[in-house]
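Below is one structure, written out as structure tokens, with a few remarks after it.
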Amino acid sequence: MGKETAVEQIKKIEEELAHTQKNKATSYHLGQLKAKLAKLKRELLTPTSSGGGGPGIGFDVARSGVASVGFIGFPSVGKSSLMSGLTGTESVAAAYEFTTLTTVPGTLTVHGAPIQILDLPGIIEGAKDGKGRGRQVIAVARTCNLIFIVLDVLKPLADKAVIEAELEGFGIRLNKTPPNITIKKKEKGGIAITNTVPLTKITADEIKAVLSEYRMANADVHIRCDPTVDEFVDVVEGNRVYIPAIMVLNKIDAISIEELDLLYRIPNSVPISVKEWLNIDELLETMWEKLSLVRVYTKPRGAKAPDYTAPVVLKKDKCTVEDFCNAIHKDISKQLKHAMVWGTSVKHSRGQKVGLSHVLADEDVVTLVKN
Ligand SMILES: Nc1nc2c(ncn2[C@@H]2O[C@H](COP(=O)(O)OP(=O)(O)OP(=O)(O)O)[C@@H](O)[C@H]2O)c(=O)[nH]1
Ligand SMILES: [K+]
Ligand SMILES: [Mg+2]
């Protein structure tokens, strides 16, 4: 008999997990199983020369804009129709499945910020394990700042679950923040766990079991959240990406108002019709919120009004005065004496003098004063 494949081993462990009750006696073993599962899944996703659908030629496109949005969904849900409608870039749409065969980029300007839209081929169940072009498609999604999961309103929930599982299996975490956990390896002393909030979903035994699977016998573990075992494994594995997502429920022209009411209960969802161009404004507003971008307007020294037509667009986790300077030119921050800022990031309505580390807010106005 040959060696069990990774897929077979994964199946076995998943079955065992489903049949093992969670209690004090099994807790260490469960932790081990979850860690083993994560390692096997990683093995499965690491490209080898012997398959996996190739390196993804043609899927990488030149990146432009301040952020990117990738379209993921089953075939023929209307991804290309939406992309063409939003950007004016023609991505062929048709009634047959797998019309789109590679990444098609386009640009959409929202609130003055150029956003790159990436239309992608449809994916199917098993995509992450190499079915179709699934892995290349999901690999592109991993690099996006926002994912539109485009669903057909006639069968949104089943499809949503499949797509989410495919993305999860590829290390993408949707609409989640990274668990606030640090693990510091050390030479001796065993495993020391400290936590700032009560842990209700994971036990010390499970933590130790997971770490031992990763050959960590000595480490300081500091937990500032209430993670599940899977979230803890995510931290140990590393290589996870945390990306916001919107469930775009397309083709509402094909359903009744009563059915539409039910759809609004799906979290993070926006129902639309590309065909009738319905509710696209809500989609764009939700998109803008999820991208968490910060527009900063420049007011030249002595000028009466800032230039509101061309904001410098920054990401919310990288929007200090220094980031603003660097976005204009790499040498500016070195010459800066101070910056004058007007807007919600400062207390005074008449403006305030700030330094490089000051964090800017959306729609702030900045004047740079050089040495
Ligand atoms: N009724 C209705 N049909 C739509 C809507 N949007 C798109 N379609 C139709 O759905 C079919 C598939 O559209 P595409 O844009 O090619 O879908 P896709 O998701 O890009 O498909 P693949 O590239 O094959 O994965 C086409 O016949 C479209 O005309 C909509 O809002 N309502
Ligand atoms: K299609
Ligand atoms: Mg398409």
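For the stretch 337-358 and the stretch 9-33, compute the distance between their C-alpha centroids and round to whole Å.
Their Cα centres are 55 Å away from one another.
What 222 nm value per residue comes from the helices of the chain, counting each DSSP H run with n ≥ 4 as -39,500 (n - 2.57) and dividing by all residues, nearest 500 deg cm²/dmol? Mind showing how you got there, number by number?
Numbers: 11 runs with 114 residues, N = 371.
Computed mean residue ellipticity for the chain: -9000 deg cm²/dmol.
Given the options Glu90, Glu15, Glu206, which has the most mean-square fluctuation in a GNM of the chain, springs set between C-alpha atoms less than 10 angstrom apart?
Looking only at Glu90, Glu15, Glu206, the biggest GNM fluctuation is shown by Glu15.
Okay, which of the stretch 173-200 sit inside 12 Å, backbone N to the point 7 Å along the Cα-Cβ direction of Ser212?
Answer for this model: 191.
Which percentage, to the nearest 5, of the DSSP beta bridges contained in the chain is antiparallel?
Taking every DSSP beta bridge within the chain, about 50 percent pair in antiparallel fashion.
Too long at a 31 Å Cα-Cα cut-off: which of Lys186/Lys290; Lys41/Lys185; Lys3/Lys201; Lys36/Lys290; Lys184/Lys334?
The answer is Lys186/Lys290; Lys3/Lys201; Lys36/Lys290; Lys184/Lys334.
If the only charges are +1 at each Lys and Arg Cβ and -1 at each Asp and Glu Cβ, what is the size of the charge dipole of the stretch 293-370 around the Cα centre, to the nearest 20 debye?
300
Between Thr87, Thr320, Thr26, where does the largest GNM mean-square fluctuation fall for the chain, given springs only between Cα atoms within less than 10 Å?
For the chain, modelled as a Gaussian network with Cα springs under 10 Å, the answer is Thr26.
Hey, with R₀ at 41 Å, roughly what FRET efficiency would Leu157 and Ile328 work out to, going by the Cβ-Cβ distance, to 0.05? Walk me through the numbers before you get to the answer.
Values: r = 46 Å, r/R0 = 1.13.
It comes out at approximately 0.30.
Calculate one ³J(HN,Hα) per residue across the stretch 195-210 by plugging θ = phi - 60° into the Karplus curve 6.51 cos²θ - 1.76 cosθ + 1.60, and present them in order as whole Hz with x for glycine and proline.
Values per residue, Gly and Pro as x: 9, 9, 10, x, 9, 10, 10, 9, 10, 4, 4, 5, 4, 5, 4, 4 Hz.
Taking the chain as a Gaussian network, where each spring joins two C-alpha atoms under 10 Å apart, which residue of Thr89, Thr196, Thr100 fluctuates the most?
Greatest mean-square fluctuation among the candidates belongs to Thr196.
Add +1 for every Lys or Arg and -1 for every Asp or Glu among the other residues with Cβ under 10 Å from the Cβ of Thr203, and state the total.
In short, +2.
Can you compute 3J(HN,Hα) from phi for each residue in the stretch 100-117, using the Karplus curve 6.51 cos²θ - 1.76 cosθ + 1.60 with θ = phi - 60°, rounded to whole Hz and x for Gly and Pro?
8, 10, 8, 6, 10, x, x, 10, 10, 9, 10, 6, x, 9, x, 10, 7, 9
Report Rg(Cα)/(2.2 N^0.38 Å) for the chain, keeping two decimals.
1.16
Extension gain Ser64-Trp288, at 0.36 nm per residue separation less the Cα-Cα distance, in nm?
Length difference between fully extended and current span is 78.9 nm.
Express the relative contact order of the chain as a whole percentage, based on alpha carbon pairs under 8 Å and six or more residues apart in sequence.
Rounded, it is 14 percent for the chain.
Suppose R0 equals 22 Å; then what is the FRET efficiency for Ser349 and Arg301 from their Cβ-Cβ distance, rounded to the nearest 0.05?
Taking R0 as 22 Å, the efficiency between Ser349 and Arg301 is 0.70.
Lys155: which lysines have alpha carbons under 17 Å from its alpha carbon, excluding same-chain residues fewer than 8 sequence positions away?
Answer for Lys155, where 17 Å is the Cα cut-off: Lys79, Lys251, listed by chain and number.
What is the distance, in nm, between label points placed 7 Å from the Cα along the Cα-to-Cβ direction at Asn279 and at Asp261?
Calculated label separation equals 1.4 nm.
Every read-out reported here was derived from the displayed coordinates using simple, explicitly stated rules and does not represent laboratory data. Model, not experiment: these values are computed from the prediction. Heads up, the Cβs are rebuilt from the backbone with ideal geometry, glycines too, and the neighbour counts pull from every protein chain shown.
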